[in-house]
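One structure is given below, encoded as structure tokens.
Coordinate-derived values only; no laboratory data. Predicted, not measured: the structure shown is a model, and the values here were computed from it. No Cβ is skipped: glycine too gets one built from the backbone with ideal geometry, and neighbour counts run over all protein chains shown.
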Amino acid sequence: MDNGGDYTRQSPYLWSGVPHYYGDIVRQLLISAAALVLLGAPFYAEDLRAELPFEIMGAIVFVALGALLNPHSKLAIFANVIAAGVGSVVYETWALYQYEDSTWTQFILREVIAIILLVAFYFSMKTARAFLLHKVGKRDEAGEFDEERMEYDPPAVRGAKSVSGNDDFNPWASRNHSPKGKAKSEESESSRMSPGRSREEIEPKSHPYEERL
């Protein structure tokens, strides 16, 4: 099977082969946050013996929800939205409330965990939005917004041609190229050449010389 070499078409979705699905990014972020929660606990915890059980449970929840993520489960992605959002709020609140009594190491570790969970919350929300809009697994097509706009336009607006309501605003050439325009232009030219005289006087039907013959 020919792989196409240098001409192989690459997917525009860098982190996942499924369009509008960011579960792989969320999984990596949650696992990173769980590892940092456990490894950094001795450095940022105030009372390690009291706080360690909660930190271990939080890390297990992050890893479990990351493992359950898949493009077919709406419930899993919404559970990740809640877990990432709650975890970010908890660690950010902890970092700011204990800022004056904490060391720089404690503050930075809590802030890093809060930021990682905040980014995971962002990508979880993007995937959740795609689920609600039924966009997961569907690629974007050029002009899809133009088609949606045309559906809401009334037929009279879509089929109407841009013409002016008054002939005076039409270009002079377009008016003179039509039969009516030519006749009208000839009459206007004759009236300008002989003001006050009719067309019969200018161009008589019979010539005086013919009557003598």
Expressed in nanometres to one decimal, the distance between label points 7 Å along Cα→Cβ at LEU68 and LEU96 is 3.0
Taking THR127, THR105 and counting other beta carbon atoms within 10 angstrom, the fewest-first order is THR105, THR127
Can you give the extra length, in nm with one decimal, that the chain gains between VAL86 and LYS138 once fully stretched, where that is 0.36 nm per residue apart less the Cα-Cα distance?
-> 15.7 nm
Eigenvalues of the alpha-carbon gyration tensor of region 21-132, times 5 and square-rooted, give semi-axes in Å, largest first, of 27, 14, 10
With +1 on each Lys and Arg Cβ and -1 on each Asp and Glu Cβ, and nothing else charged, work out how big the dipole of region 38-121 is about its Cα centre, in Debye to the nearest 20.
-> 460
For THR103 and LEU75, what is the calculated FRET efficiency with R₀ set at 41 Å and r taken between the beta-carbons, to the nearest 0.05?
-> 0.55
